[in-house]
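Structure first, then comments.
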Amino acid sequence: MRISILYSTLLAVASATGIRKRDICIVDSLDDASKDDVPAINAALKECGDTGRVLFPLGKTYNIRSPIDLSPCRACDFQIDGVLRVSSDWEYWKNQEAVFLVHNTTAAVIRSDGSTGLIDGNYYGFARMQLDQLSTPKLFSFKNESYVVLVSSLTVQNVLGSAFYVTNSTGIRIYDVNFANNAAVGVDVDQAKHVYMYNVTLRAENACVRIRPNSSNVQVEQSECHIAGNRNDASGVEFYLLSSGYEWIRNIFVRQTKFARQLNVVSVLTREGNGHRDGQGVAEVFNATFRDIQLDQVKRPARLDEAPNVQMNVSRTVFQGWSGTSLQKTQFECNNAGDMCNWEADAWNITYRS
């Protein structure tokens, strides 16, 4: 119901602007892994991206050998019913920002009709023995004031870095998306606001959701987070603050979400940023609520890892209605002089199994 209402609303935006008939562009596949289907995709976006539809039919596979530019999308419907497969060319992809460039895009719907759409990152052709891991492209990059974009009913797999990176954008919604296997980070929110996740099955190695400084109004509801591997600092929801001056994260709401395996369900991490190695930074977490949370053999419910001499301010943070099993107890205490740690736990029913 939530998807259909939002989708209808976004299409209404298109209709409201509609002096001309809604265009439909069906993208042809070259059916050749050595050839790039992106020029045809970008051409379709230029032709039909203004309130039209770009369609990838069921049963077709498209080879993605260069970034897809979604900036022409204005109230458009980018419908992926087939398979979009990224090429195995690490030497190329390591120098690219992302596969899907959702920059300055407004009222776009990126979806599948019937949940048949698959985006295969193919690990960008990365070989584990290679040493150059500094430049890892994102699968989706939302930036440059993208506004009200819905991603829904898709499966993503074989993502090396962050699957969804959101910065300087508002109203990004990720609904009914399934991670077939682990990304490094599921959703990475960086200086963005109003980012919503609903009914998402996240699988990651480092963090299911990472929230960076100066982000607000991030919600996760009725979702699942699964962590693979044995990283000591792997997180379900991670607040990542560099403490470069005054940095904050505000208005976070996580509800009816399951967290499984070796992870810290909630992590607040502060790191000394550039120019503040003498402890000049202030890190603030304000108004964060985690309600009706289910734990399945997690490492720890909550963890605060604070850099030395950084002032930490945690207030109006509530953990309410948690249940399930954890290997260790919460480690969420401020350590530095001048810190403020005002958080509360209510109605916890957690069994600890060492």
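Some observations on this one:
- Any hit, the range 180-191, residues being small (Gly, Ala, Ser), surrounded by fewer than 18 Cβ atoms within 10 Å (Cβ to Cβ) and under 26 Å from Gly114 (Cα atoms): yes
- Any hit, the range 154-163, residues being assigned to a strand (DSSP E or B), hydroxyl-bearing (Ser, Thr, Tyr) and surrounded by 24 or more Cβ atoms within 10 Å (Cβ to Cβ): yes
- Filter result (of a type in the set (D, E, K, R) and not in a strand (DSSP E or B)) within the range 166-204: Asp176
- Among the residues of the range 200-231, the ones that are in contact with a His (Cβ under 9 Å, 6 or more places away or on another chain) and on the phi < 0 side of the Ramachandran plot come to 8 in all.
- Within the range 320-335, the residues that satisfy the criterion of being in contact with a Ser or Thr (Cβ under 8 Å, 6 or more places away or on another chain) and either crowded, with 16+ Cβ neighbours inside 10 Å or basic (Lys, Arg) (or both) are Gly324, Ser326.
- Of all residue pairs spaced 6 or more apart or on separate chains, those with beta-carbon atoms under 9 Å, a first member in the range 319-347 that is at positive phi and a second member that is assigned to a loop (DSSP other than H, G, I, E, B) and at pLDDT below 95 are Gly321/Ala347; Gly321/Trp348.
- The condition of being more than 29 Å from Gln222 (Cα to Cα), surrounded by 14 or more Cβ atoms within 10 Å (Cβ to Cβ) and at pLDDT below 95 holds for Lys94.
- Total residues in the range 333-354, condition acidic (Asp, Glu) and either modelled with pLDDT of 90 or more or not in a loop (DSSP other than H, G, I, E, B) (or both): 2
- Scoring Gly245 on the criteria (1) surrounded by fewer than 18 Cβ atoms within 10 Å (Cβ to Cβ); (2) at negative phi; (3) not polar (S, T, N, Q) leaves a single failure, condition (2).
- Residue within the range 131-138 that is at pLDDT 95 or above and either out of contact with any Ser or Thr (no Cβ under 7 Å at 6 or more places or on another chain) or not aliphatic (A, V, I, L, M) (or both) present: yes
- Residues that are of a type in the set (Asp, Glu) and surrounded by fewer than 21 Cβ atoms within 10 Å (Cβ to Cβ) were ranked within the range 56-82; the one that is nearest to Ser152 (Cα to Cα) is Asp81.
- Within the range 244-255, considering residues that are over 18 Å from the mean Cα position of the chain (by Cα) and not hydroxyl-bearing (Ser, Thr, Tyr), the one modelled with the lowest pLDDT: Gly245
- When we screen Ala234, Ala260 for residues that are more than 25 Å from Trp93 (Cα to Cα), touching a His at 6+ places or on another chain (Cβ under 6 Å), hydrophobic (A, V, I, L, M, F, W, C) and in contact (Cβ under 8 Å) with a residue 12 or more places away in the chain, the only hit is Ala260.
- Residue match in the range 308-322 (condition: closer than 23 Å to Ala228 by Cα and either modelled with pLDDT of 95 or more or not hydrophobic (A, V, I, L, M, F, W, C) (or both)): yes
- For His226: the one exception among (1) part of a strand (DSSP E or B); (2) surrounded by fewer than 20 Cβ atoms within 10 Å (Cβ to Cβ): (2)
- Test result for Val220, within 26 Å of Tyr246 (Cα to Cα), without any contact (Cβ under 8 Å) to a residue 60 or more places away in the chain and surrounded by 22 or more Cβ atoms within 10 Å (Cβ to Cβ): yes
- Evaluated against (1) within 21 Å of Asn287 (Cβ to Cβ); (2) touching a Phe, Trp or Tyr at 6+ places or on another chain (Cβ under 6 Å), Val237 falls short on exactly one condition, (2).
- Options Tyr62, Tyr124, Tyr147: the member that is free of Cβ contacts under 8 Å to residues at least 40 places away in the same chain and under 26 Å from Ala192 (Cβ atoms): Tyr124
The values are calculated or read from the model by the stated rules, or taken from the named source; none is laboratory data. Here the structure is a predicted model, which means the values were calculated and not measured. Cβ atoms come from the backbone with ideal geometry, glycine included; neighbour counts cover every protein chain shown.
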